[in-house]
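Notes for the one structure printed next.
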């Protein structure tokens, strides 16, 4: 049977209709693309360090990718690079930024970021992007929301998916801070997923913690954890524009009064509450002046260096905990034994606490 006879339209009952033979479909992917594509260069540790030190953004990005990689060989290189970059780090001002969803964190960061870079500062924005608990997928959309800042020659934006493992991402974010500082970035923003557990981790790696709030959403203090308020070195009422200006002023007074009820921070700094509009770019210079004033204040009374030392100690213990955990779950015999105990727990043959104890006894007696 010919190709034309395969079509029912070519049968005798459909006189006057004719279906021509189709053409062979071209491949979806260009077969020459792979051959012509330039291979990504694998740098040595010294090449990574010299590239980062010279401010090469491409090499910095690849080094951050190594830090974020779960592969053992990548982690080995990354740790060597970090170790060599440590003497070059520590000279930036680290600022944590958080706020409720919809508070306008991205637009605020872009507006404040442009204000900073226009003064000659180099800014790195490290955004921990929320990941889906089901698919583990992440939007990583901060670059699309910060159109102006993302193309600034003095800015570097790096979103990292939280992937359900906040502790791991927080450690990697701290290591990324070291690389960015070695590359000459004197100001670091760390944007968090949202109001929640992530703030505790981010607070332990920054010098100034900024909480962004909205007005006109009912009870301004509702839903804000006392712990988050106590951690804040400054509170911003965003979107103070148009008909919202008076509501923003009212919210500022509410938050300022609430802060007086808390014990004085260990730093001795009195947290301030300011209003701003990211769209109209009002109140931005006052916010930056507040951040600079807090840095000068804490450096003068010695709290700045003391806090940095405490943070270094905290992350030493966090790294120990994470490496112990990874070492436990990565072992094949542990994985097979875990599957056995999991079945016993599900069948109510053994309690979860006894199963955990026996697993740990097996691990430490090996």
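The values are calculated or read from the model by the stated rules, or taken from the named source; none is laboratory data. It should be emphasised that the depicted structure is a prediction, and the values quoted were computed from it without experimental measurement. Here the Cβ is made from the backbone with ideal geometry for all residues, glycine too, and neighbour counts use every protein chain on show.
Tabulated results
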item	result
Filter result (assigned to a helix (DSSP H, G or I) and touching a helix residue (DSSP H, G or I) at 6+ places or on another chain (Cβ under 6 Å)) within the range 268-287	284
Unique match (being closer than 19 Å to residue 184 by Cβ and in contact with a strand residue (DSSP E or B) (Cβ under 6 Å, 6 or more places away or on another chain)) among 99, 113	113
Members of the range 41-58 found to be outside any loop (DSSP other than H, G, I, E, B), surrounded by fewer than 22 Cβ atoms within 10 Å (Cβ to Cβ) and in contact (Cβ under 8 Å) with a residue 40 or more places away in the chain, listed by number	53, 57
Residue tally, condition closer than 18 Å to residue 291 by Cβ and buried (at least 18 other Cβ atoms within 10 Å of the Cβ), over the range 241-258	2
Lone unmet requirement of (1) touching a strand residue (DSSP E or B) at 6+ places or on another chain (Cβ under 9 Å); (2) modelled with pLDDT under 95 for residue 93	(2)
Positions within the range 59-79 being surrounded by fewer than 16 Cβ atoms within 10 Å (Cβ to Cβ) and over 19 Å from the mean Cα position of the chain (by Cα), in sequence order	71, 72, 73, 74, 76, 79
Among residues of the range 208-239, those that are more than 13 Å from residue 102 (Cα to Cα), touching a strand residue (DSSP E or B) at 6+ places or on another chain (Cβ under 8 Å) and modelled with pLDDT under 90, counted	5
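Per-residue answers, yes or no, for (1) surrounded by 14 or more Cβ atoms within 10 Å (Cβ to Cβ); (2) touching a helix residue (DSSP H, G or I) at 6+ places or on another chain (Cβ under 6 Å):
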position	(1), (2)
266	no, no
294	yes, no
317	no, no
320	no, no
342	no, no
345	yes, yes
353	no, no
358	yes, no
